[in-house]
Structures are given as C-alpha cells and as structure tokens.
1. Mind telling me which of the residues K4, K66, K31 ends up being in contact with a Gly (Cβ under 7 Å, 6 or more places away or on another chain) and open to solvent by 60 Å² or more (accessible area, probe 1.4 Å)?
2. Given the options A54, A50, name the one that is among the aliphatic types (A, V, I, L, M), surrounded by fewer than 11 Cβ atoms within 10 Å (Cβ to Cβ) and out of contact with any strand residue (DSSP E or B) (no Cβ under 9 Å at 6 or more places or on another chain).
3. Looking at region 13-28, which of the residues that are without any contact (Cβ under 8 Å) to a residue 60 or more places away in the chain and aliphatic (A, V, I, L, M) is least open to solvent (accessible area, probe 1.4 Å)?
4. Could you list all residues from region 67-93 that are in contact with a Leu (Cβ under 7 Å, 6 or more places away or on another chain) and of a type outside the set (G, A, S)?
5. Return the residues of region 87-99 that are open to solvent by less than 80 Å² (accessible area, probe 1.4 Å) and within 12 Å of the chain's Cα centre (by Cα); say none if nothing qualifies.
Amino acid sequence: MKIKTGWNLNDLYYKSLKDPKIKRDIDAGEKAVNTFVKKYTGNKTWLTNARALAKTIVDYEALILKSPSTPMMYASYRKELNAKDKEAEAFMNKLEDVYTKRGNKLL
C-alpha cells in the first residue's frame, strides 16, 4: 500500500495562484476593513464607554473572520513545498504589501 506523503493544497485552499477565489478573498477582506474603518473613524466612544468597547471588540473579531489569511497561507505552503517557487514568493511579497496597508488603515 502506497502512503501519500505530499500536501494537496487544491482541496484545502485554491487551485492555483490565479484562482479567482483568491481575488474574492482579498477583496472581501479589503471591504471588511474599509467598513470597520469607516464605522470607527471619528467615533471614539469606545474609549470611554464599556459597552461601546465591547461592541468594538465584537466588530473587530468579526473583521478578522471576514478578512481571511488563506491567500497568504496558500502561497506560503506552496513555497514550503518547493523552495524554488518564485511565483509563490512574489505573490507573498505582494500580499505583504496589501496586508500592511490594511493594518495601517486600522491603526
């Protein structure tokens, strides 16, 4: 009996780095961050009101779920499978820029 020793990322994540699901996931994350930023820019009640803070935390936790890290995980796993995968490395660098800009918006 032959035992599979390789990872099958296609079933877990995406079919390739050009899979349209990646763009959808990135766009969904961007939309979620923009909605959160719009809601809380200028609204500082969460700094002085415990209920407002609790609501902000719930919204932030929901934001984390709406902006999946699966595109970065997929590229990273591809790179782990093949250290010479330049396409995955370039994609990871591009995503780092996207995620850095998102983080800056949130700050």
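1. Result of the check over K4, K66, K31: K66.
2. A50
3. Of the residues in region 13-28, the ones without any contact (Cβ under 8 Å) to a residue 60 or more places away in the chain are 15-16, 18-25, 27-28.
Imposing the further condition that a residue be aliphatic (A, V, I, L, M) reduces the set to 22, 28.
On the way: I22: 5, A28: 48 Å².
Per the criteria, the residue is I22.
4. Our first condition is that a residue be in contact with a Leu (Cβ under 7 Å, 6 or more places away or on another chain); within region 67-93, this holds for 71-72, 74-75, 77-78, 87-88, 91.
If the condition is that a residue be in contact with a Leu (Cβ under 7 Å, 6 or more places away or on another chain) and of a type outside the set (G, A, S), then P71, M72, Y74, Y77, R78, E87, F91 are the ones that fit.
5. Of everything in region 87-99, those that are open to solvent by less than 80 Å² (accessible area, probe 1.4 Å) and within 12 Å of the chain's Cα centre (by Cα) turn out to be M92, L95, V98, Y99.
The values are calculated or read from the model by the stated rules, or taken from the named source; none is laboratory data. Nothing here was measured: the structure is a model prediction, and the numbers come from that model. Note: ideal-geometry Cβ built from the backbone for every residue, glycine included; neighbour counts use all protein chains shown. Quick note on the areas: whole protein, heavy atoms, side chains included, nothing else; ligands and nucleic acids left out. Shrake-Rupley method; radii C 1.70, N 1.55, O 1.52, S 1.80 Å.
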